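Participant: I'd like to ask you about the structure that follows.
The values are calculated or read from the model by the stated rules, or taken from the named source; none is laboratory data. Keep in mind that what you see is a predicted model, and the values were worked out from it rather than measured. Cβ placement follows ideal geometry from the backbone for every residue including glycine, while neighbour counts extend to all protein chains displayed. Just the protein is used for accessible areas: all its heavy atoms, side chains included, with ligands, DNA and RNA removed. Shrake-Rupley method; radii C 1.70, N 1.55, O 1.52, S 1.80 Å.
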Amino acid sequence: MSVAFRRESDEEHLEPKFELPIPAGPNPVTGRGKRLIDAKVAGLEAAIAGEGDAERLTALRRELRYWHTRQTTAEVAPAPAAGQIGIGARVTFRLNGGARTLTIVGADEADPAAGLIGFAAPLAQALIGAEAGERVDFGGRTDAIEIVEVGDGEG
């Protein structure tokens, strides 16, 4: 029989399993973000200890490697100066006539639906360093965002 029609196993036809991508650059987090990462690692370690299915165990270990790396590289960002926007700050601003309030957090803590945006997001980058009363450029528009209020988002 021709080698072209011989099949060694089903394994050779499976999609390769790559490691979860780690965002490039520093890993600043809020105090809350550090606690969430620590809890995620503890939860995965507990799940691995109780898992019997080999395929599920492989997936859990892969995810644990990602979170161990994030835990190891996490650095709690210093609180921004009073009234200044930085990681951990809660910001109320006006954009396109509408007011919004967001908290700037680390990448793993980001949840835009809950009002938490990662520090690397374009909106966060436009806001970081500004203070209440300032206007900042965004989306190619000059003075597109008006900063209304800046507070501590750790509450």
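Participant: Taking the stated definitions as given, is T73 more than 14 Å from G153 (Cβ to Cβ), touching a residue at least 12 places away in the same chain (Cβ under 8 Å) and of a type in the set (V, I, T)? Reasoning before the result, please.
Facilitator: Numbers: more than 14 Å from G153 (Cβ to Cβ): yes; touching a residue at least 12 places away in the same chain (Cβ under 8 Å): yes; of a type in the set (V, I, T): yes.
Criteria met by T73.
Participant: Please find, within the range 19-62, the residue that is least open to solvent (accessible area, probe 1.4 Å) out of those that are farther than 30 Å from I128 by Cα and among the β-branched types (V, I, T).
Facilitator: Among those residues, the one meeting the criterion is I48.
Participant: Taking the conditions exactly as written (assigned to a helix (DSSP H, G or I) and either closer than 21 Å to F119 by Cα or touching a helix residue (DSSP H, G or I) at 6+ places or on another chain (Cβ under 8 Å) (or both)), does L36 satisfy them or not?
Facilitator: yes
Participant: Name the one entry in A132, A107, A99, A120 that is out of contact with any helix residue (DSSP H, G or I) (no Cβ under 7 Å at 6 or more places or on another chain), open to solvent by 30 Å² or more (accessible area, probe 1.4 Å), touching a residue at least 40 places away in the same chain (Cβ under 8 Å) and within 20 Å of A24 (Cα to Cα).
Facilitator: Numbers: A132 fails: within 20 Å of A24 (Cα to Cα); A99 fails: within 20 Å of A24 (Cα to Cα); A120 fails: out of contact with any helix residue (DSSP H, G or I) (no Cβ under 7 Å at 6 or more places or on another chain).
After applying the criteria, what remains is A107.
Participant: Can you pull out every residue in the range 1-34 that is at pLDDT below 60 and farther than 25 Å from A59 by Cβ?
Facilitator: M1, S2, V3, A4, F5, R6, R7
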